[in-house]
1. In nanometres, what is the gap between the two model label sites at residue 79 and residue 150, each 7 Å from Cα along Cα-to-Cβ?
2. Rounded to the nearest percent, how much of the accessible area of segment 141-218 (1.4 Å probe, protein heavy atoms only) is carbon and sulfur?
3. What is the local net charge at residue 197, summed over the other residues whose Cβ is closer than 12 Å to its Cβ (Lys, Arg +1; Asp, Glu -1)?
4. Any chance you could look up the accessible area of residue 101 with a 1.4 Å probe, heavy atoms only, rounded to 10 Å²?
5. Given a 1.4 Å probe and the protein chains all in place, what does the accessible area of residue 61 round to, in Å² to the nearest 10?
6. Multiplying the sequence separation of residue 62 and residue 160 by 0.36 nm and subtracting their Cα-Cα distance, what value in nm do you get?
7. For a label point 7 Å from the Cα of residue 105 along Cα→C-beta, name the residues of segment 216-246 whose backbone N is under 11 Å from it.
8. Length gain on complete extension for the stretch residue 27 to residue 96, per 0.36 nm per residue less the alpha carbon to alpha carbon distance?
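The values are calculated or read from the model by the stated rules, or taken from the named source; none is laboratory data. In this text, all values refer to a predicted model and were calculated from it rather than measured experimentally. So basically every Cβ, Gly included, is an ideal-geometry build from the backbone, and we count neighbours across all protein chains shown. Note: areas computed on protein heavy atoms with side chains; ligands, DNA, RNA excluded. Shrake-Rupley method; radii C 1.70, N 1.55, O 1.52, S 1.80 Å.
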Amino acid sequence: MMKKLGIGLMALVFLSVSCSSDDDGYRDLPQEDQNSLDDQAIVQYLEDHYFNPERGTIKRFDDETDEDDDFPSLKSLGVKLPSGVWVVKNPNVTAEGPSITDNINDSILISYNSMRFKASDEFTSDGGRLYETYLNPFYNTIYSTGTPAWDPIFYYRHITEEMTDMNIDLESFVIEGFVEGLKEFSATETSGVDLYNFQGVILVPSRLAYGRDFGNLGGNLDANTYRHNSFVFNFELHKVVPRNND
């Protein structure tokens, strides 16, 4: 994604990031290398986890017991889209409602938990995986309000004239890989009042999230917080309805 930032703002942030990188020893990998790490880490994550049969949440296989050995891994149920996004459908959930066409014309009601990680071969030094064991939290409804939400900010954000004047566009908020993956799912046509039953998982490599671009989820343009972060979305899509753009 390319963000349409003002030249002055780009220069200012570039200097800030450059200085920070020099001070902290932070260096970007070549893009192809980061892409490869992302893809490998996502596959490892899929191999290491399965759907909890009670509520469809993601659960890690336990090496200390054989009680979960019969559950299929997320990878065995998943499909990798040509872009690199993975979608995994929970076979225990029936969904026969509409699907989204895009985030501009369709509004969604969704329950979800989402996490993020930066793939790195540094984690493998002690026999670990390419992703961190404990992923960083992102946005969620499960541990915050406990109720489903309409149009989470990584799916859609209304862009005001003031934001346009500041060269802030929809791509500063939206994770395009999530929108792409969500097209593969149908709504369960539930109200969200009853306890959720997660119907699937979408895994987005960093190049289809914020990559090396600027995110604006916290209210300020930020080049570092989500830099090279891949994302895991575990969710139930309750409703898909036409957006009122008036």
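1. Distance between the two pseudo-spin positions: 3.0 nm.
2. On the way: 1680 of 3420 Å².
Solvent-exposed carbon and sulfur of segment 141-218 make up 49 percent of the total.
3. Details: positive: 55; negative: 54, 194, 236.
The answer is -2.
4. Rounded to the nearest 10, that gives 90 Å².
5. 50 Å²
6. Working: separation 98, 0.36 × 98 = 35.28 nm, distance 4.77 nm.
Full-extension gain reported as 30.5 nm.
7. 242-243, by backbone N distance to the label point.
8. On the way: separation 69, 0.36 × 69 = 24.84 nm, distance 4.61 nm.
Value of the extension gain: 20.2 nm.
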